[in-house]
Amino acid sequence: MNEERITTLTEQAATLSAQRDTITTSLKDIAADIWREGLHNVRDLGRRTGLSRTTLYAALRERGIEPTNREN
């Protein structure tokens, strides 16, 4: 077992994981912006952002949007 290689790969994984978190947050923000621009369809938001409907419902609510109220 090559401990140095394992350590390097573990560090790479940690970096990618942090980037994923940042990207996901950005996608959630974009989804909320799209909603505010008038697209009030969670399924379509999911297609456009790659986020699941469950994630989108939570993300919209976190950003002050109630997705079941399409008049927002």
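The values are calculated or read from the model by the stated rules, or taken from the named source; none is laboratory data. The model shown is predicted, which means the values in this text are computed figures rather than measured ones. All Cβ positions, even for glycine, are placed from backbone atoms using ideal geometry, and neighbour counts span all protein chains on display. Accessible surface areas use protein heavy atoms only, side chains included; no ligands, DNA or RNA. Shrake-Rupley method; radii C 1.70, N 1.55, O 1.52, S 1.80 Å.
Just the accessible area per residue of the chain, please: how many Å² with a 1.4 Å probe?
73 Å²
When the helices of the chain are scored as -39500 (n - 2.57) per DSSP H run of n ≥ 4 and the total is divided over every residue, the value at 222 nm lands at -24500 deg cm²/dmol. Distances between every pair of Cα atoms in the chain, grouped in 5 Å steps from 0 to the bin holding the largest one, split as 3, 16, 24, 17, 9, 7, 7, 6, 5, 3, 1, 0 percent. As a length-normalised measure over Cα pairs under 8 Å and 6 or more apart, the relative contact order of region 13-66 settles at 34 percent.
For the chain, a Gaussian network of Cα nodes joined below 10 Å ranks Glu37, Glu11, Glu62 by mean-square fluctuation, and the top entry is Glu11.
Rolling a 1.4 angstrom probe over the chain with all protein chains present gives an accessible area of which 48% lies on carbon and sulfur atoms.
Only four residue types carry charge here, +1 at the Cβ of Lys and Arg and -1 at the Cβ of Asp and Glu. Report the dipole size of the chain about the Cα centre in Debye, rounded to the nearest 20. List each step's numbers first, then the result.
On the way: 11 positive and 11 negative charges, 79 e Å.
Roughly 380 debye for the chain.
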